[in-house]
Amino acid sequence: MGKSSDKHEGEASDVTVKTDEVLHDKTELIKHRDDEKPNELSNSGKILTSLAAGGIAGGIAKSVIAPLDRSKIFFQTNETRNYRFRYAIRWLKHGYRTEGLLSLWRGNTATLARIVPYSAINFMSFEQYKKLLKVEQAGTPGYHRFVAGSLAGSTGQLLTYPLDRARAVMAVTPGKQYRNLAVVFCNIFKEEGFIGLYRGLTPTLLGVIPYAGTSFWTYETLKAYAVRRKGGDATHPMLPSPLERLGAGAVAGLIGQTASYPLDIVRRRMQTGLQLGKGNKYRTVRGTLLTVYRNEGIYRGWYKGLSMNLIKGPIAVSIAYTVNDYVRLALHWFFGHQER
């Protein structure tokens, strides 16, 4: 009996020791895994990485489509020339033959000076508004994503609009007239006063609300659908794939551009009216819409250059959104590990 009792006590002791060893090993494994995870970035860190990613994304996207953009602005602001896509290509060829290849990117410096801060603020604001509106929490209505996008676009435009006005002026005037942004700003201030820097702001804001809201909502919704279709986790950095992100961005750009296009015409006419000798013909949103409609009609006026936008818009948006995603993920990974 004594030996049997000692035997059972010994076996129980061995089981206890083994159990303790297993628990210890599991604890060490969990601790090791936790040590491998990067620390969560602070909100200020997220803001800085979003600003950097957005600025890089916007600069790359706009540089790719700059010649198409310049051609579109030329026809948008010209009352007498009917727009055809082949005419736009012919105009670009003429510019290349007469002024050289770099002439196709004239005004792109002003574009980058505007688009880099605008895109940085736009993407950063969207992330912050998503957090404020609790977009990614379960049970939050889907339209909150649209509201976050509209607010982000409006914030970016309000803070960078004078650069947009300068860029439009440079795009429609001869190269020798305005050699840099400083000359454009001085000339506008001298002829129109400080308020002239914000000429065309109203249609810009009216246009950016449906454009930015629709674009962000469409892109984020399609990304979420692609992740669910694969049964993955929305936080996984490799989901969705690059092609799926590009596709979602293209659809977002197509819908967003079409939804707000007539206001883009109004914006360009108001921005460049004085420089093109139209005086105060384009002073208000309503007046500009009516003038364009009476003189040029709906398709040839309000939607002049839309076919160009249906090409360049999806290209630019798909590049911008996809590059922003991957640069932001890379920066989060890098700085998350650096903060360990």
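Odds and ends about this structure:
Here is a yes/no grid of residues against (1) in contact with a helix residue (DSSP H, G or I) (Cβ under 7 Å, 6 or more places away or on another chain); (2) modelled with pLDDT of 85 or more:
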position: 72; (1), (2): yes, no
position: 77; (1), (2): yes, no
position: 94; (1), (2): no, no
position: 117; (1), (2): yes, yes
position: 120; (1), (2): yes, yes
position: 127; (1), (2): yes, yes
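- Residues (under 13 Å from residue 258 (Cα atoms), touching a helix residue (DSSP H, G or I) at 6+ places or on another chain (Cβ under 8 Å) and assigned to a helix (DSSP H, G or I)) located in region 282-308: 302, 306, 307, 308
- Within region 155-169, tally of residues that are open to solvent by 20 Å² or more (accessible area, probe 1.4 Å) and more than 15 Å from residue 208 (Cβ to Cβ): 1
- Residues of region 117-134 satisfying the condition of being in a loop (DSSP other than H, G, I, E, B) and either closer than 15 Å to residue 150 by Cβ or touching a residue at least 60 places away in the same chain (Cβ under 8 Å) (or both): 133
- Selection within region 274-283: residues that are of a type outside the set (D, E, K, R) and either without any contact (Cβ under 8 Å) to a residue 24 or more places away in the chain or at positive phi (or both). The member of this set that is most open to solvent (accessible area, probe 1.4 Å) is 280.
- For the condition of a type in the set (A, V, I, L, M, F, W, C) and surrounded by fewer than 17 Cβ atoms within 10 Å (Cβ to Cβ), residue 263 does not qualify.
- Selection within region 55-91: residues that are open to solvent by less than 20 Å² (accessible area, probe 1.4 Å) and in a loop (DSSP other than H, G, I, E, B). The member of this set that is farthest from residue 312 (Cα to Cα) is 77.
- Listed by first and then second residue, the pairs with beta-carbon distance under 6 Å, at least 6 apart or on different chains, first residue in region 200-220 and under 23 Å from residue 281 (Cα atoms) and in a helix (DSSP H, G or I), second of a type outside the set (S, T, N, Q) and open to solvent by 10 Å² or more (accessible area, probe 1.4 Å), are 202/285; 203/263; 203/267; 203/285; 204/267; 206/263; 207/263; 207/264.
- Checking residue 224 against (1) within 26 Å of residue 318 (Cα to Cα); (2) open to solvent by 60 Å² or more (accessible area, probe 1.4 Å), the condition it does not meet: (2)
- Residue match in region 174-184 (condition: buried (at least 23 other Cβ atoms within 10 Å of the Cβ) and in a helix (DSSP H, G or I)): yes
- Here is the figure for region 293-313: residues that are touching a residue at least 60 places away in the same chain (Cβ under 8 Å) and open to solvent by 20 Å² or more (accessible area, probe 1.4 Å) total 5.
- Failed item in (1) touching a His at 6+ places or on another chain (Cβ under 8 Å); (2) in a loop (DSSP other than H, G, I, E, B), with residue 240 passing the rest: (1)
- Residues being farther than 17 Å from residue 185 by Cα, out of contact with any Pro (no Cβ under 7 Å at 6 or more places or on another chain), in a helix (DSSP H, G or I) and without any contact (Cβ under 8 Å) to a residue 60 or more places away in the chain - total across region 92-114: 8
- Counting only residues that are farther than 25 Å from residue 111 by Cβ, among the β-branched types (Val, Ile, Thr) and part of a helix (DSSP H, G or I), region 135-173 holds 1 of them.
The values are calculated or read from the model by the stated rules, or taken from the named source; none is laboratory data. Model, not experiment: these values are computed from the prediction. Cβ atoms come from the backbone with ideal geometry, glycine included; neighbour counts cover every protein chain shown. Accessible surface is based on the protein model in full, side chains and every heavy atom, while ligands, DNA and RNA are left aside. Shrake-Rupley method; radii C 1.70, N 1.55, O 1.52, S 1.80 Å.
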